[in-house]
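Colleague: Quick one: the structure is below, questions incoming.
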Amino acid sequence: MRIIGRRLLLYVLTAWVAISVNFLLPHLMPGNPIQTLIGKLQGQVTPQEIEAIRLSFGGGIDKGLLSQYFTYIDQLFHGNLGVSITLSSPVSTILKASVPWTIGLIGVSTLLSFLIGTVSGALLGWTRGSRLDALIPTATFFQAIPYFFLATVMLLIFGSNLHWFPVLGAYSQNLHPGWTWPFVASAFRYAELPVVSIVLSSVAGWMLGMRNMMITVAAEDFVLMSVAMGLSKRKVIMTAARNAVLPSIANLSLAIGLVVSGALLVELVFNYPGVGDLLLNAVQNEDYPLIQGIFLVITLAVLAANLLADVVYLALDPRTRTETVA
Amino acid sequence: MDETRTKNRILDLRNFSVDYGWGDGAVRAVDNVTMHVDRSTVVGIAGESGSGKSTLIYGFTRLLRAPGVIAGGEALFNLSDASASEGNFINLVTATESEMRRVRWSNISIVLQSALSALNPVLRVRAQFDQVLKTHRPHMSKSQRRDRTIELLALVGLNEDRLRRYPHELSGGQRQRVMIALALTLNPSLVVMDEPTTALDVVTQREIIGKLAELRSQFGFAMIFITHDLSLLVELADEIVVMYAGTVVERAPAQTLYDSPRHPYTLGLLSSFPPMHGARTELTGIPGSPPDLSDMPGGCRFHPRCPYAMERCARETPPLAQVTNESRSVACWLHAGDEDAAVPVELRRVGVERHPPLGAENAEGET
Amino acid sequence: MKSIRFPRSPKVILGLCIVGFFVLLTIFGPYLAPYSPDNTSFAPNLTPSAHHWFGTTSLGQDIFSQTLVGARATIVVALIAGLVATLLSMVVGIAAGYVGGFTDDGLSMLSNVFLAIPGLPLLIVIDSYLPVNSRSNSLVIGLVISLTGWAWGARVIRAQTMSLRNRDFVEAARIIGEKRYRVMFFEVAPNLLPILASSLLFTVLYSIGAYVTLAYIGLTSTSVWNWGTMLFWAQGNNAPLSGEWYWFVPPGICIALVGTGLALLNFGIDEFINPRLRAAGLSAKQRRSLGLPRRQRLGLTPVVHSASQRPSTPAIASNTVST
Ligand SMILES: Nc1ncnc2c1ncn2[C@@H]1O[C@H](COP(=O)(O)OP(=O)(O)O)[C@@H](O)[C@H]1O
Ligand SMILES: [Mg+2]
């Protein structure tokens, strides 16, 4: 399909831009960060590891920028993202352990948040003028709270004061990771509070956006016609909601980026072993290879999510699908 | 009202008024309109854009959105079918939501000007019919619904391969046909059409008007047909109601009104459009523009634009009164007396053959 | 020319009050602070009291003073970032929408790319490579933030420009031979004002979040007091788990309040741009006195029985409902 093809092209281009930014930043920033880094590492890690790090940045500086760029890309395609300085193991290995936690956490919370926000926003828009409108300022306030701050408050109240949820980490330390029932159950228990806090932070955005769209769509003729047709109230609301949700999905790309950004910090607050927590540790230790690897992985994941959103949008809006007109 | 008239009446609007806004901010868009529609007849409502035609029909169907409110009057609708021995009227103005829901589409259906905006953009043609049938004919099976849809599409001249199309995949004419078929789904006794052909080209317009006339004689539904093009109505309507600034200014059998308009406004409207048959003539139209609702002229609302205005017109509002010895009414002081003498020749009741000379006459005399 | 009537809803007024309050805090905060935010001479971990309204940190600093002083850096950086980003999105959006063709393709692609890259991770990568002395520079940080925050505005402005491009007054200016940039920035841009304002509010909102986040993870200089740094120290000293809520709650609430104020203002602009969002303008009490339902349901036009109606045409004996 043409439209999917075009979006795919956009994402490939975006990925390329992200990769190139990743390459260029250390080379162009004042103060030669690569040299400084490698200098600092002398004696700390093995010469092979230093060589791997050097290669992941594109090889020796004597080679010229363009040649370094190709080396860098070649290394990337072979999975060499360099070696983490603090953890002294390959970045790709580290990522493999933490990415699933993040995808699970953010995926579940984004889905929940989208569903709750869209449904409540549709109702709020439909019943505009009713007492439910009082929710709007509250929602606006929640939308303005930084994710990590809300997470901190939740941690304090429900975790360390009320002890309703286990906190810190992703599973009970007494268990061994694996596909065993106690472990999975424990993982769910530990994810509850982070999920709740991400949902609370992000749900207002979906809700307010959907409310506006619902009000806008409710003013369309076809909604009035569905009333004129004597359809049930539920059907009428569904008619409006079904059309109002389309822009929400079309804007998913912006939203996913924001939610992911926010959710990464929630991991830090809860010590959740995902890429967010990893990224912040890397930042604090100036572990450049790790920072860069994480940035790439997050970007690729977000692009994949965008593509998925595009497919859903296409499936839901027949107008974008048609290429032949009667 | 005598028995047979009651039984054959479908809709009776009495002193029906609609406001936009409330309290001090209210403006009256439909003012004290009294009119009726009989079973199997077509009533045309004509008037310039902004004269309150849409407001009237959205008003009595209770579909008007805020800030529109019904400011008074009754809208009696006959729920009984043609074979019933007497009428069974419901006042739509005071009906509850569930009563309205029972009337909607089963008894009254509506076709709007733009079918593109009236059809749900994310549903295929077939699903648009399905949702109506599922709601009102819950016992029908899937294949029965499909058959009924195909039958309806055939009625309006569409092939069944349109079933799987989305509204945006159809041409303007096809969309409007789908809308008409949809309006006939439940065999309503009244179909309301708000400028259904205005957005279409002339050829398609003629085809659809022809189709409507045919369908009406086949199924015997009554119709309210709104347009600002009077010449279109003559073909289709039994009776024509002319509206100006929210009021009815003239009401007469279609051909009578077309041949001998009594109200200066009707005359103006007639000369704004070329007749559908006959020579193309110069169009003179009506000078000026409709009044602002919040600043309505006193007396007759038309007097500032009326070439025949008299001193009395600015002072007193002419009532919509029956013309002596004729089955028509007009709201104009020119026709207040019994004598024709004071009436300008083009508005007189007899003897003047106006078509096509009206336009030609104007072309010679004024331009 | 139409006079611009800004919707005066309670939401907008509340928003104006909140934003106004914090603007004053930005200007006067540092002068109002009772102590220096760096002063460590107080007893550590004091709970809020008359002497220390918000208590003290575990290093013995006055949290109230930190909050007052921190307002300035937070809001100034957010303003710089918001203004630069809005300017960028205006230039890109108008150019793409007005010039069209390859320019449009290129610029749209660029905004879409920036829209698809998750902002915060990009920000973190760029920022982590910044030399330490630049991290304390508000201007540098503001510029970096604006780089990740302009794309959305550009997209909205482009769409609006395209719809303006063929309006009469723009055509007219083009026909009399005005230079292209003049048409773009003197004819088209003024008509984008509501969208630009909304876009500015949003980018400022985004920038506050971004800046505070960077500070919270220690990517801005810790020598500059802002609300994010306060949270950074609070987190670093385990304030949340040791129950020292008064340490991290004040800056967090301030951030949320500024954001709420901006978002409430934006409601007003939204209603201005999209009239469908405007409320019907009647209070619940007025509606009741007119006999109107509390909210209008679609497909059930209400009937008013109001004595204050203008007398209508006396044409036909009026039997309008009088109950
Ligand atoms: N929502 C509204 N608010 C205020 N006035 C309105 C509204 N809708 C229509 N009107 C006014 O009501 C009058 C009648 O409009 P309408 O019924 O649409 O006329 P028509 O269908 O004959 O063209 C017009 O003067 C119009 O300006
Ligand atoms: Mg109309």
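The values are calculated or read from the model by the stated rules, or taken from the named source; none is laboratory data. Every value quoted in this text rests on a predicted model; they were computed, and no experiment measured them. Here Cβ is always computed from backbone atoms with ideal geometry, including for glycine, and neighbour counts include all displayed protein chains. Surface areas here come from the heavy atoms of the whole protein model, side chains and all, with no ligands, DNA or RNA. Shrake-Rupley method; radii C 1.70, N 1.55, O 1.52, S 1.80 Å.
Colleague: Distances over 60 Å make up what percent of all Cα-Cα pairs in the protein assembly as shown?
Modeller: On the way: 127341 of 515620 pairs.
The share of Cα pairs beyond 60 Å in the protein assembly as shown comes to 25 percent.
Colleague: Sticking with this structure for a sec: Within 10 Å of each Cβ of B:57-70, how many other protein chain Cβ atoms are there on average?
Modeller: Details: counts 0, 3, 1, 1, 5, 9, 8, 6, 8, 12, 4, 3, 9, 6.
That works out to 5 on average.
Colleague: What are the DSSP H helices in chain A that stretch 30 Å or more along their long axis, judged by alpha-carbon atoms, and whose average Kyte-Doolittle hydropathy comes to at least 0.5? Present the calculation step by step, with values, prior to reporting the outcome.
Modeller: Numbers: long enough: A:2-28 (38 Å, 1.23); A:91-126 (50 Å, 1.44); A:181-218 (48 Å, 1.07); A:288-316 (42 Å, 1.96).
TM-like helix candidates: A:2-28, A:91-126, A:181-218, A:288-316.
Colleague: Using only the Cα atoms of region B:51-208, build the gyration tensor, take square roots of its eigenvalues as a ≥ b ≥ c, and label the shape rounded, prolate or oblate: rounded if a/c is under 1.5, else prolate if a/b is larger than b/c, else oblate.
Modeller: On the way: a/c = 1.88, a/b = 1.32, b/c = 1.43.
It is oblate, given that a/c is not under 1.5 and a/b is not larger than b/c.
Colleague: Something else now. For A:K235, give me every one of the aspartates and glutamates with a C-alpha distance below 17 angstrom, ignoring sequence neighbours fewer than eight places off in its own chain.
Modeller: Within the straight-line cut-off, A:K235 pairs with A:E220, A:D221, B:E97, B:D130.
Colleague: Oh, and also: Taking Cα atoms, how many degrees apart are the long axis of helix B:202-219 and the longest axis of chain B, rounded to 10 and kept between 0 and 90?
Modeller: 70
Colleague: Still on this structure, I have one more. Take peptide A:286-294, look around each residue's Cβ out to 10 angstrom, count Cβ atoms belonging to other protein chains, and average those counts. Mind dumping the intermediate values first?
Modeller: Numbers: counts 2, 1, 3, 0, 0, 5, 3, 0, 3.
Per-residue shielding by partner chains comes out at 2.
Colleague: Continuing with the same structure: At q = 0.09, 0.15 Å⁻¹, work out log10 I(q)/I(0) for chain A with the Debye formula, treating every Cα as an identical point scatterer and leaving solvent out; two decimals please.
Modeller: Values, matching the q order: -0.61, -1.24.
Colleague: Residue-wise, which Karplus ³J(HN,Hα) couplings in Hz belong to region B:97-113, taking 6.51 cos²θ - 1.76 cosθ + 1.60, θ = phi - 60°, and x for glycine or proline?
Modeller: 4, 6, 5, 4, 4, 6, 6, 5, 6, 5, 10, 10, 10, 9, 10, 9, 4
Colleague: Label-point separation (nm) for A:S232 and B:N187, each offset 7 Å from Cα along Cα-to-Cβ?
Modeller: Modelled inter-label distance: 2.6 nm.
Colleague: Still on this structure, please answer the following. Which stretch or stretches of region C:195-219 have amide N atoms under 17 Å from the point lying 7 Å from A:E286's Cα along the Cα→Cβ direction?
Modeller: Those under the cut-off are C:218-219.
Colleague: Any idea which of C:V84, B:A118, A:I198 is furthest toward the positive side of the dipole for the protein assembly as shown, if Lys and Arg beta-carbons carry +1 and Asp and Glu beta-carbons -1?
Modeller: A:I198
Colleague: Another one. Tell me, what HN-Hα J-couplings in whole Hz come from the Karplus equation 6.51 cos²θ - 1.76 cosθ + 1.60 at θ = phi - 60° for each residue of region C:55-63, using x for Gly and Pro?
Modeller: Here the 3J(HN,Hα) series is x, 10, 7, 6, 9, x, 9, 7, 6 Hz.
Colleague: Give the accessible area for A:R189 in Å² (nearest 10); use a 1.4 Å probe, count only protein heavy atoms, and leave out ligands, DNA and RNA.
Modeller: Per-residue accessible area (A:R189): approximately 100 Å².
Colleague: Would you mind checking which residues have amide H under 5 Å from B:I10's amide H? H placed 1.01 Å from N; only 5 or more apart, or other chain.
Modeller: For B:I10, whose amide H was placed from the backbone, the distant partners under 5 Å are B:V37, B:D38, B:R39.
Colleague: Which residue, chosen from B:A237, B:L215, B:T324, occupies the Cα position most advanced towards the positive end of the dipole of chain B, where the dipole is computed from +1 (Lys, Arg) and -1 (Asp, Glu) charges on Cβ about the Cα centre?
Modeller: In chain B, that residue is B:L215.
Colleague: If one computes the Cα centroid of region B:90-157 and of region A:83-111, what distance in Å separates the two points?
Modeller: Cα centroid to Cα centroid, the span is 54 Å.
Colleague: Could you work out the relative contact order of chain B, using alpha carbon pairs under 8 angstrom and six or more residues apart, expressed as a whole percent? Display every interim value, and only then the final one.
Modeller: Working: 666 pairs, mean separation 65.5, N = 367.
It rounds to 18 percent for chain B.
Colleague: With point charges of +1 on the Cβ of Lys and Arg and -1 on the Cβ of Asp and Glu, referenced to the Cα centre of region A:2-77, which listed residue (A:G58, A:L9, A:S20) lies farthest in the positive direction of the dipole?
Modeller: Highest projection toward the positive end goes to A:L9.
Colleague: Same structure again: Let me know the Rg and Dmax you get for region A:2-77 when you use only its Cα atoms, in Å.
Modeller: Answer for region A:2-77, Rg first and Dmax second: 15.4, 54 Å.
Colleague: Relative to the longest principal axis of chain B, what angle (0 to 90°, nearest 10) does the C-alpha long axis of helix B:172-184 take?
Modeller: The angle comes out near 80 degrees.
Colleague: For chain C, state the semi-axes of the equivalent ellipsoid (square roots of 5 times the eigenvalues of the alpha-carbon gyration tensor), sorted largest first and rounded to whole angstrom.
Modeller: Working: eigenvalues 412, 219, 47 Å².
Largest first, chain C gives 45, 33, 15 Å.
Colleague: Follow-up. Just to make sure I understand: if all protein chains stay in place, what is the order of A:K96, A:K40 by accessible area at 1.4 Å, largest first?
Modeller: Final ranking, largest accessible area leading: A:K96, A:K40.
Colleague: Would you mind getting me the FRET efficiency between B:Q255 and C:L83? Use the beta-carbon distance for r and R0 = 51 Å, nearest 0.05.
Modeller: Numbers: r = 70 Å, r/R0 = 1.38.
Working from the Cβ atoms, E equals 0.15.
Colleague: Sequence-distant or interchain residues sharing an amide H contact under 5 Å with B:V42, placed H: which?
Modeller: Under 5 Å from the amide H of B:V42 lie the amide H atoms of B:M223, B:D238, B:E239, each far enough along the sequence or on another chain.
Colleague: Once you charge only the Cβ atoms, +1 for Lys and Arg and -1 for Asp and Glu, what is the size of the charge dipole of region A:99-316 about its Cα centre, to the nearest 20 debye? Display every interim value, and only then the final one.
Modeller: Working: 8 positive and 9 negative charges, 176 e Å.
Around 840 debye, computed over region A:99-316.
Colleague: Give the long-range amide H neighbours of B:V249: residues separated by 5 or more places, or on another chain, with amide H under 5 Å away, using H modelled in the peptide plane at 1.01 Å from N.
Modeller: B:V242, B:M243, B:Y244
Colleague: Hey, with R₀ at 60 Å, roughly what FRET efficiency would B:S289 and B:H139 work out to, going by the Cβ-Cβ distance, to 0.05?
Modeller: Working: r = 53 Å, r/R0 = 0.89.
The computed FRET efficiency comes out at 0.65.
Colleague: Measure of size requested: the Rg and Dmax of chain B, with Cα atoms as the atom set and Å as the unit; please supply both.
Modeller: Just the Cα atoms of chain B yield Rg and Dmax of 21.3, 68 Å.
Colleague: Also: What's the angle, to the nearest 10 degrees (0 to 90), between helix B:357-366's Cα axis and the longest principal axis of chain B?
Modeller: So the helix axis and the longest Cα principal axis differ by about 50 degrees.
Colleague: Additional query: Sorted by accessible area (1.4 Å probe), largest first, how do A:W181, A:W206, C:W247 line up?
Modeller: Numbers: A:W181 190, A:W206 25, C:W247 5 Å².
Largest to smallest exposure gives the sequence A:W181, A:W206, C:W247.
Colleague: Once the Cα gyration tensor of region C:11-159 is diagonalised, what are the square roots of 5 times its eigenvalues, in whole Å and ordered largest first, as equivalent ellipsoid semi-axes? Working shown, then result.
Modeller: On the way: eigenvalues 322, 71, 27 Å².
So the equivalent ellipsoid measures 40, 19, 12 Å along its semi-axes.
Colleague: Among the DSSP beta bridges whose two residues both lie in the protein assembly as shown, what percent are antiparallel, rounded to the nearest 5?
Modeller: Numbers: 31 of 51 bridges.
Percent antiparallel among DSSP bridges in the protein assembly as shown is about 60.
Colleague: Taking the Cα centre as origin and putting +1 on Lys and Arg beta-carbons and -1 on Asp and Glu beta-carbons, what dipole magnitude results for the protein assembly as shown, to the nearest 20 debye?
Modeller: Working: 79 positive and 71 negative charges, 283 e Å.
Its charge dipole is roughly 1360 debye.
Colleague: Can I ask one more? Tell me, what ³J(HN,Hα) does each residue in region B:305-316 have, in order and in whole Hz, if you take phi through Karplus 6.51 cos²θ - 1.76 cosθ + 1.60 with θ = phi - 60° and put x for Gly and Pro?
Modeller: With the stated coefficients, region B:305-316 comes to 9, 8, x, 9, 4, 10, 4, 5, 4, 7, 9, 10 Hz.
Colleague: Moving on to the next point. I'd like the accessible area for B:R148, computed on protein heavy atoms only with a 1.4 Å probe and all protein chains in place. Round to 10 Å², please.
Modeller: Counting only protein heavy atoms, the figure is 40 Å².
Colleague: In a solvent-free Debye calculation with one equal scatterer on each Cα, what is log10 I(q)/I(0) for region B:166-264 at q = 0.10 Å⁻¹, listed in the order of the q values?
Modeller: -0.30
Colleague: Using 1/(1 + (r/R0)^6) with R0 = 60 angstrom and r between the beta carbons of B:T324 and C:L193, what's the FRET efficiency to the nearest 0.05?
Modeller: Values: r = 62 Å, r/R0 = 1.04.
With R0 = 60 Å, the Cβ-Cβ based efficiency is 0.45.
Colleague: Could you check the spin-label model distance between A:L316 and A:L115? Points 7 Å from the Cα along Cα→Cβ, value in nm.
Modeller: In this crude spin-label approximation the distance works out to 1.4 nm.
Colleague: How large is the direction-averaged shadow of the alpha-carbon convex hull of region A:147-247, in nm²? Before the final figure, lay out each step's value.
Modeller: Details: hull surface 39.5 nm².
Orientation-averaged projected area of the Cα hull: 9.9 nm².
Colleague: Round to the nearest 10 and report in Å² the accessible area of B:K53, as given by a 1.4 Å probe over the protein chains' heavy atoms.
Modeller: Its accessible surface works out to 10 Å², give or take rounding.
Colleague: Let me ask something else. Let me know the charge dipole size of region C:153-304 about its Cα centre in debye, to the nearest 20, where only the beta-carbon of Lys, Arg (+1) and Asp, Glu (-1) is charged. Could the numbers behind the result be given before it?
Modeller: Working: 16 positive and 7 negative charges, 173 e Å.
Charge dipole, region C:153-304, about its Cα centre: 840 debye, nearest 20.
Colleague: Further, regarding this structure: Across peptide B:169-176, how many C-beta atoms of other chains are within 10 Å of each residue C-beta, on average? Working shown, then result.
Modeller: Details: counts 6, 2, 2, 0, 0, 1, 0, 0.
Per residue, the average neighbour count from other chains is 1.
Colleague: Which translational diffusion coefficient, to the nearest whole µm²/s, is obtained for region C:175-271 from the Stokes-Einstein equation, given a Kirkwood hydrodynamic radius over C-alpha pairs, 20 °C and 1.002 mPa s?
Modeller: Answer from the Stokes-Einstein relation: 133 µm²/s.
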